1. Filter the range 127-144 down to the residues that are assigned to a helix (DSSP H, G or I) and over 16 Å from Val90 (Cβ atoms) and list them by number.
2. Specify which of the listed residues (Val114, Val121, Val137) is in contact with a Ser or Thr (Cβ under 8 Å, 6 or more places away or on another chain), of a type outside the set (Ser, Thr, Tyr) and modelled with pLDDT under 85.
3. Could you check, for the range 81-98, whether at least one of its residues is modelled with pLDDT of 80 or more, under 17 Å from the mean Cα position of the chain (by Cα), polar (S, T, N, Q) and crowded, with 22+ Cβ neighbours inside 10 Å?
4. Tell me yes or no: at least one residue of the range 232-247 is at pLDDT below 80, polar (S, T, N, Q) and surrounded by 15 or more Cβ atoms within 10 Å (Cβ to Cβ).
5. Go through the residues of the range 398-414 one by one and say whether even a single one is modelled with pLDDT under 90, in a loop (DSSP other than H, G, I, E, B) and more than 13 Å from Ala130 (Cα to Cα).
6. Picking from Thr265, Thr353, which residue would you name as being modelled with pLDDT of 80 or more, surrounded by 24 or more Cβ atoms within 10 Å (Cβ to Cβ), touching a helix residue (DSSP H, G or I) at 6+ places or on another chain (Cβ under 6 Å) and assigned to a helix (DSSP H, G or I)?
7. Anything in the range 147-163 that is within 26 Å of Ala406 (Cα to Cα), of a type in the set (A, V, I, L, M, F, W, C) and either over 16 Å from the mean Cα position of the chain (by Cα) or modelled with pLDDT of 80 or more (or both)? List them, or say none.
8. Check whether at least one residue in the range 208-215 is among the aromatic types (Phe, Trp, Tyr), within 27 Å of the chain's Cα centre (by Cα) and at pLDDT below 85, and report yes or no.
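The values are calculated or read from the model by the stated rules, or taken from the named source; none is laboratory data. Nothing here was measured: the structure is a model prediction, and the numbers come from that model. In this analysis, Cβ positions are derived from the backbone assuming ideal geometry, glycine residues included, and neighbour counts consider all displayed protein chains.
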Amino acid sequence: MSIIAQHGELFIILACVFGFFMAWGVGANDVANAMGTSVGSKAITIKQAIMIAVVFEFLGAWLAGGQVTETIRKGIVDPALLADNPQLLVYGMLASLLAAGTWLLIASAKGWPVSTTHSIVGAIVGFAAAGLGVDAVDWGSVGNIAASWVVSPLLAGVIGYLLFRSVQVLIFDSRDPFAAAKRYVPGYIFLVGFIIAMVTLVKGLSNLGLDLSFGQSLLIAIGIGVVVMVLGILLENRINREKRTGDSFGFSSVERVFAVLMMFTACAMAFAHGSNDVANAVGPLAAVISVVQSNGDVSGASALPWWVLVLGGGGIVVGLVTYGHRVIATVGSGITELTPSRGFAATLAAAATVVLASGTGLPVSTTQTLVGAVLGVGLARGIAALNMRVLGTIAASWLITLPAGALLSILFFYMFKGMFGS
């Protein structure tokens, strides 16, 4: 009797427990990143952030997360090399989930905004290289993923810089900033709805079996953008100009208009994060279920059970509620002082970058993307606006993440191998 047939149910139970633990880490660390700008700029409260995350993280995972899940499941390790020993893939995926979850627990306790993507990719590469041999790793895929870690924060930083410069020129440098905000913010709200809708329609709806042409997707995305914009205008009309001493230009009223916009960008960021990072917890779990259900066929394709996404989404929400406040403090106020207008530029830049990457199947680092966007916004105000000491700590934690995930994964891999046999 094979090891898979003998311990199949136990493997699935362990994968679910470790997958939930990993998803908890994603919630504690990465969702806190996603919501850090919104909470840090005081546009939304922690409670509102959690409510937004519950809904939009799940929608992102369900509608647009399939491409990235495939990359995590099959893109890093060559399944053909494990055809004769499918249990090694199961051990490796279990070890990767446990290793990445453990590292995220440590980082979240310290308040470090590390990358869950780094953690899980480093863990999978670690077990494959040490336990199966260097040839077992698809280094081309790993190279593409690593390149995206450099490109995504740079791209988000440039978009963030340009967005905030546009806000400065169109609104803050105008004669009447409040009137200008009322005029231009609906356009930004349309942009949020359009970007998220377009990428989801073009790349994400394969999970639901819908096949729309590019033209159809474009028209529907424009329609969704208009609906979101109208909703934003209705909320915006409730805000009246208020005069404060020492604020002759009415900047406080302008920021209140941007606080409305931040509600929409927070939803966009949660959706983007769900589409990209739920795969970090669900991908290895899906691989274990697939191998067990196919009786050891590592190349077999099986549908992703709906409850797996529910498990991942649930773990993320629990992580955010229980531990997320520590990392929110670092991203929301540690790097640079955020207001709703600055937070908007950073969040929309990061969301656009992450959703585009999810559409192409690249598991980018949401953390690096958001920090890059916040950096871009800070640079638009001048280098003095950045807290270089906090940035140094963040950079150091990023460098540690890959080897930490790999070493823990190797340790757990040999532990499972010793427990269940090779």
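1. Ala129, Ala130, Val134, Asp135, Trp139, Gly140, Ser141, Val142, Gly143, Asn144
2. Val114
3. no
4. No, every residue in the range 232-247 fails to be at pLDDT below 80, polar (S, T, N, Q) and surrounded by 15 or more Cβ atoms within 10 Å (Cβ to Cβ).
5. Within the range 398-414 (the criterion being modelled with pLDDT under 90, in a loop (DSSP other than H, G, I, E, B) and more than 13 Å from Ala130 (Cα to Cα)), the answer is no, since none of the residues qualifies.
6. Just one listed residue meets the conditions, Thr353.
7. The first filter runs over the range 147-163 and keeps only residues within 26 Å of Ala406 (Cα to Cα), leaving 147-154.
Now drop any that are not of a type in the set (A, V, I, L, M, F, W, C), which leaves 147, 149-151, 154.
Ala147, Val151, Leu154, listed by residue number.
8. There is at least one residue in the range 208-215 that is among the aromatic types (Phe, Trp, Tyr), within 27 Å of the chain's Cα centre (by Cα) and at pLDDT below 85.
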